[in-house]
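Visitor: Here it is: the structure, laid out below.
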Amino acid sequence: MEEMGLLLKLQELDLELHRFEAERAKLPAEMEQLEQQYGQFNTGLESQEAALKALKVAIREAESKTAHLEEISTKYKQQLLTVKTNREYSALLTEIESVKREKEELEEQIIKQMEKTETASREIEQLKQKLSELGAAKKEKQTELDLRLREIGGEISVRKQKRQELSRQVKTPVLRLYERIMSSRVNRAVVALHNGSCGGCFAHVPLQKVAAIRKGNQIHTCEGCGRILYYEDNQAS
Ligand SMILES: [Zn+2]
């Protein structure tokens, strides 16, 4: 039956169309993943840069505080030369000692902050390197994707055109039936008989019906699943 041949070709086209459409729908997700990764590293870089900036501000503040303490210390030391009483003298010495301790603590803090600055700078360099690699990968992937999308677009439009030509040759009620089954099922609408059973749902097909299907001058559907059945010549059934 010529119609069955047309339906099988139509189904082949539809299955290919489904495959290409599924691939096309899946492609943007791959890009999305790379974009997300890039975004995460970029956020990491931004927060490291902000931390480094804050550290540098803190160091500058600590340094100016140290300079100020140094001035105070110098002033106290000059005052030592002019004090009149022992009490004043020892009070000044205590002050000088306290300023000295404060200054030392600040200097220690500055050293620690400088070390942190170095670590942060190194991490920033690494993140920049990683980002530039990811940026290149992203660009490459985008080119690859665009190319594949164009290819898929071409494959789809060729098949849609073929499909239109083919479906014009199929009788309207048969085409309707085919399309109804196809839209209700994820896989095939037309299946072969296998040893007297439906190739789609494996339901038993009565012998009389098998014979009618074999003759092939009418469309027969499976009573179990409603798919259109056909007889494949190269099998025993
Ligand atoms: Zn069936």
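Visitor: Applying the selection to the stretch 128-170, what residues are in contact (Cβ under 8 Å) with a residue 60 or more places away in the chain, among the aliphatic types (A, V, I, L, M) and closer than 30 Å to Leu45 by Cβ?
Guide: Result: Leu131, Leu134, Ala137, Leu145.
Visitor: What about Lys162, is it over 26 Å from Phe20 (Cβ atoms) and either open to solvent by 70 Å² or more (accessible area, probe 1.4 Å) or within 16 Å of the ligand (Cβ to nearest atom) (or both)?
Guide: Answer is no for this residue.
Visitor: How about the stretch 207-231: which of its residues are open to solvent by less than 60 Å² (accessible area, probe 1.4 Å), out of contact with any Phe, Trp or Tyr (no Cβ under 8 Å at 6 or more places or on another chain) and either away from the ligand (no atom under 11 Å from the Cβ) or not in a loop (DSSP other than H, G, I, E, B) (or both)?
Guide: Of everything in the stretch 207-231, those that are open to solvent by less than 60 Å² (accessible area, probe 1.4 Å), out of contact with any Phe, Trp or Tyr (no Cβ under 8 Å at 6 or more places or on another chain) and either away from the ligand (no atom under 11 Å from the Cβ) or not in a loop (DSSP other than H, G, I, E, B) (or both) turn out to be Lys209, Ala211, Ala212, Ile219, His220, Thr221, Leu229, Tyr230, Tyr231.
Visitor: At pLDDT below 95, assigned to a helix (DSSP H, G or I) and aliphatic (A, V, I, L, M): is that true of Leu34 in this structure?
Guide: Yes: the conditions hold for Leu34.
Visitor: Same structure, new question: What single numbered condition from (1) open to solvent by 60 Å² or more (accessible area, probe 1.4 Å); (2) part of a helix (DSSP H, G or I); (3) of a type outside the set (S, T, N, Q) fails to hold for Lys84?
Guide: All conditions pass for Lys84, except number (2).
Visitor: While we're here: Within the stretch 183-200, is there a residue that is aliphatic (A, V, I, L, M), touching a residue at least 40 places away in the same chain (Cβ under 8 Å) and within 13 Å of Gly226 (Cβ to Cβ)?
Guide: So far as the stretch 183-200 goes, yes, one or more of its residues are aliphatic (A, V, I, L, M), touching a residue at least 40 places away in the same chain (Cβ under 8 Å) and within 13 Å of Gly226 (Cβ to Cβ).
Visitor: All but one of (1) more than 30 Å from Leu145 (Cα to Cα); (2) in contact (Cβ under 8 Å) with a residue 60 or more places away in the chain hold for Ala50; which doesn't?
Guide: Against the list (1) more than 30 Å from Leu145 (Cα to Cα); (2) in contact (Cβ under 8 Å) with a residue 60 or more places away in the chain, Ala50 comes up short only on (2).
Visitor: Sort out which residues of the stretch 193-206 are more than 8 Å from the ligand (Cβ to nearest atom), open to solvent by 40 Å² or more (accessible area, probe 1.4 Å) and part of a loop (DSSP other than H, G, I, E, B), and write them in order of number.
Guide: Asn195, Pro206
Visitor: Right, something else. Please state which of the following conditions Val158 fails to meet, knowing it meets all the rest: (1) part of a helix (DSSP H, G or I); (2) modelled with pLDDT under 95.
Guide: (2)
Visitor: Within the group Ala29, Ala25, which residue is open to solvent by less than 70 Å² (accessible area, probe 1.4 Å) and hydrophobic (A, V, I, L, M, F, W, C)?
Guide: Ala29
Visitor: Do you know which of the residues in the stretch 108-123 that are exposed (fewer than 14 other Cβ atoms within 10 Å of the Cβ) and of a type in the set (D, E, K, R) is nearest to Ala62 (Cα to Cα)?
Guide: Only one residue tops the list, namely Glu108.
Visitor: Output the residue which, of all residues in the stretch 178-188 that are crowded, with 18+ Cβ neighbours inside 10 Å and away from the ligand (no atom under 11 Å from the Cβ), is modelled with the highest pLDDT.
Guide: Ranking the qualifying residues of the stretch 178-188, first place goes to Tyr178.
The values are calculated or read from the model by the stated rules, or taken from the named source; none is laboratory data. Remember, predicted model here, so these are calculated numbers, not experimental data. We place every Cβ from the backbone using ideal geometry, glycine too, and count neighbours over all the protein chains shown. For accessibility, only protein heavy atoms count, side chains too; no ligands or nucleic acids. Shrake-Rupley method; radii C 1.70, N 1.55, O 1.52, S 1.80 Å.
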